[in-house]
Amino acid sequence: MKQVTFVAILLSLTTNALAAQPPESSEFFESHIRPVLVKHCYECHAGGGDSVKGGLRVDWDAGLLAGGESGPAVTPGHPDESLLLSALRYEDFEMPPTGRLTEEIIAHFETWIEQGAFDPRHAMPTEKSPSEPQNTATTAAELWSFQPVAEPEIPASDSTWPKTAIDQFVLEKLIANKLAPIEDADSATLLRRIAFDLTGLPPSADDVLALLHAPAAFNFEAYIQRVMDSPAFGEHWARHWLDIARYADSNGGDFNATFHDAWRYRNYVIDAFQSDMPFDQFIVEQLAGDQLGGANPVDRQRQLVATGFLMLGAKMLSERDKVKMQMDVVDEQISAVGTAFLGLTLGCARCHDHKFDPIPTNDYYALAGIFNSSHSIEGEIQKYVSNWPRTPLPIEPEQASALAAFGKQLKGLKSEIAKAEKQVKQETAKAAASSIDGGAIVIDDQQAELVGVWKSSALSKPFVGIGYIHDENEEKGEKVAIFRTRLPAAGNYEIALAFQGGSTRAANVPVAITHAAGIAQIALDQRQQGAELYRSLGTFRFTTEQDAEVTISTADTSGFVVIDAVRFVNRDQTDSQPADSSLKKELASETPELVAAKNSLAELNEQLKSLQQHAPPPAPTALAVQDAQVIGDCAVCIRGEPHMPGQVIPRGFLSNLLYESPAPIPEGTSGRLELARWIADTRHPLTARVYVNRVWHHLMGAGLVASVDNFGHLGQRPTHPELLDHLATQFTRHGWSTKWLVREILFSHVYQLSSRADADHEAIDI
């Protein structure tokens, strides 16, 4: 009997021509290429006869490769040499003539051609329906993975080589093909293999030395258990699942928005693998944890965080058509669920019946109704860019009470601070208004009578009081500021206006001064810049029988109108004009009321600082899904177009995978819980098979089904179907335990073989 290497044992004994193409190629074509060709190109370039423009047919693979009058339309692997892409870019030709397609669609075609232009449309379509792609799907009865999981009989063997049932299944196939297993790996190699497979790290120096000094006494079973109990196991195996779950800390798509609190889902996955959470529970919590209602806040937090699975994945957040964006999000979630749990390319059925697998479009929209009834996008981060909801997590009553008390204190204290700040402003203004130095009387903008909405600012310094106001260069003629006061003595007063000049200011600000002899009209140029803050408006006679009034308008101005303060200087009492340096003296003098107001404000700010330092932990939030406010079934989007609704499809599951009559979806709920329980049922033909195959893949380097994400028609068939079903049945029988499954594989003789390669043996196996 010939020998075979450890690696070769895992290879298929048969070939599958369709599986030679990467499975993701068909999914990419069905999701991004075929729908565009159907919608934008078939009208002119499909079917037979003289109606085909330019002699180009795009409704089958040979048509694209042959091209039309201008030559081949597609050159696989060479986007820049492909006339189809040139036409989409509007370079040599402009197709479609109705308008250039989006950059995203053009990028999809570029990627498709660059990766080989996989096209499953090998048969020329009939002329009767050139606009509809033909369906070449297998039936549910024909597809092996849609058949119920059967518990096979373990092959009998007289050999002492098998250590577990796994070995007996493998040995039977080896013998049937006149092959024999290779020698065992040496102990040091096996130790290193186990350490890397379980933790992603090499074995510790102590374990290596213990094995080298006493190899016969080294207990591999105890070592495996100890390593699986270590935190490193949960962290390493969580990474496998996080890859499947599309985990990242940000969106990474058109707008790279942060997935706030995504780390909670990451830690949830680590804890799930470390604690060996049953995989069926793991499924249900990720799809519908928000509907489980845990026994305590800790359980409810965990279950809600688990639904972060549905929130992850790149999404087109800046899509302006929000109806389309919602359906794109639904599509991403359906595709993720199909790949992760079922090993199916469900997204291919969005525009038409799946071309290869028994998944009709109606089934896709039965699922779409479930996810469309789930809340995972809301509001905007910025204009047109949608945001994620921040979902509050359940907390203990004590924390909720402490947060409520803190919130009440904080609100009350901030209200008192606002009042104190207002008091400081008022007292500052009063001090400025009542200050008299060298015959100067200052009225700040805080005492002005304002018409219209003025903008407060303190950007341009210096200024009088706490700041100044301006008209925002808006609503001209609707804003007026009036400074009115009764002067203490009759006399000739020089009037000056304080403002900071600048190039953006108005050049013709109307100022009206009401004095003893009438009203003086002045046009003030505020573009003037200089060292002095005050600009003189002239000297006027005032009496004590009437108010002195300065009115500043924004009528017919162009530019910002800036107002700070008005100053009156009695020229009959002093011949010296107060310099701007005197302003500092005026403002430096504080009234007892102003000092008291400032002290009160400072004390309140200290109380706020202390309160915030001793605040209870904030209520946590999560990146999580909950049922939407509007629950309902979804209409088929004809050719995937969300604005072309067809028949409304009741929410439900995949009709060709029903192992019994499905549980009804309660009214007013999305149906995610029922979907999760349908997937996590031991009778489901795909769920356990897909997962045990993933674990086998991680430990052996290749899955029993090599296409671990595709158990459909374009995926590969299992090399050992009976072994796959044996592991699936035993896995569910042992409580869906990942650690049981890992130990079962590690303890097998197959796992412990040498990895020495032999080309002759591998050729026989293939």
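Here are a few things to note about the model shown:
- Peptide packing: for 394-402, 738-746, 296-304, the average count of neighbouring Cβ atoms within 10 Å per residue gives the ranking 738-746, 296-304, 394-402, highest mean first.
- Report note on the peptides 211-217, 600-606, 310-316, 705-711: ranked by the mean count of other C-beta atoms within 10 Å, highest first, their order is 705-711, 310-316, 600-606, 211-217.
- Rolling a 1.4 Å probe over the protein heavy atoms of segment 166-296, with every protein chain left in place, gives an accessible area that is 54 percent carbon and sulfur.
- Potential lengthening between SER159 and ALA516 on full extension [0.36 nm per residue; Cα-Cα distance subtracted]: 116.1 nm
- Net length gained if the chain between ALA489 and GLU667 were fully extended (0.36 nm per residue, minus Cα distance): 55.8 nm
- For ASP627, residues with placed amide H under 5 Å, excluding near neighbours: HIS375
- Once the C-beta distance of LEU403 and ALA232 is scaled by a Förster radius of 30 Å, the resulting FRET efficiency is 0.25 to the nearest 0.05.
- Calculated from backbone phi, Karplus (6.51, -1.76, 1.60) coupling profile of segment 624-638 in Hz, x at Gly/Pro: 9, 9, 9, 5, 6, 5, 9, 10, x, 6, 10, 7, 4, 8, 4
- The portion of the accessible surface of segment 307-415 made up by carbon and sulfur, rounded to a whole percent, is 55 (1.4 Å probe; DNA, RNA and ligands excluded).
- Whole-percent carbon and sulfur share, accessible surface of segment 435-501, 1.4 Å: 48
- For ARG535, nonlocal amide neighbours, meaning residues 5 or more places apart or on other chains whose placed amide H falls under 5 Å from its own, are LEU497, ALA498, PHE499.
- Cα long-axis angle, helix 322-337 against the chain (0 to 90 degrees, to the nearest 10): 40
- Within the straight-line cut-off of under 24 Å between alpha carbons, the lysines reachable from LYS173 are LYS2, LYS163, sequence neighbours fewer than 8 places apart in one chain being disregarded.
- Cα centroid separation, segment 611-651 to segment 315-390 (Å): 11
- Extension gain for MET644-ILE106 works out to 191.4 nm (0.36 nm per residue, less the C-alpha to C-alpha distance).
- Test item: Cα-centred dipole of the chain, Lys/Arg +1 and Asp/Glu -1 on Cβ, debye: 1460
- Paramagnetic reach from HIS240 (point 7 Å along Cα→Cβ, amide N under 13 Å) across segment 682-707: 690-704
- Listed residues ASP229, ASP276 arranged by accessible area, highest first, probe 1.4 Å: ASP229, ASP276
- Selection of GluC sites (Glu not before Pro), segment 142-188, meeting DSSP coil and at most 13 other Cβ within 10 Å: GLU142, GLU153, GLU183
- For segment 498-520 versus segment 240-293, the inter-centroid distance based on Cα atoms is 65 Å.
- When GLU641, GLU380, GLU667 are compared by accessible surface with a 1.4 Å probe, the order from highest to lowest is GLU667, GLU380, GLU641.
- Here the 3J(HN,Hα) profile of segment 210-226, calculated from phi with Karplus coefficients 6.51, -1.76 and 1.60 at θ = phi - 60°, is 4, 5, 5, 6, 9, x, 5, 8, 6, 9, 5, 5, 5, 5, 4, 5, 5 Hz, Gly and Pro shown as x.
- Distant-in-sequence amide H partners of PHE560 (H built 1.01 Å from N, under 5 Å): ARG505, ALA506
- Average accessible surface area per residue within the chain, 1.4 Å rolling probe, Å²: 46
- Which listed pairs, of LYS315/LYS383; LYS422/LYS455; LYS414/LYS476, have C-alpha distances above 25 Å, in listed order: LYS414/LYS476
- Where labels lie 7 Å past Cα in the beta-carbon direction, separation of THR139 and GLU603 in nm: 8.9
The values are calculated or read from the model by the stated rules, or taken from the named source; none is laboratory data. As the structure is a computational prediction, the values presented were derived from the model and not from experiment. Please note: Cβ atoms are built from the backbone with ideal geometry, for glycine as well, and neighbour counts cover all protein chains shown. Accessible surface is based on the protein model in full, side chains and every heavy atom, while ligands, DNA and RNA are left aside. Shrake-Rupley method; radii C 1.70, N 1.55, O 1.52, S 1.80 Å.
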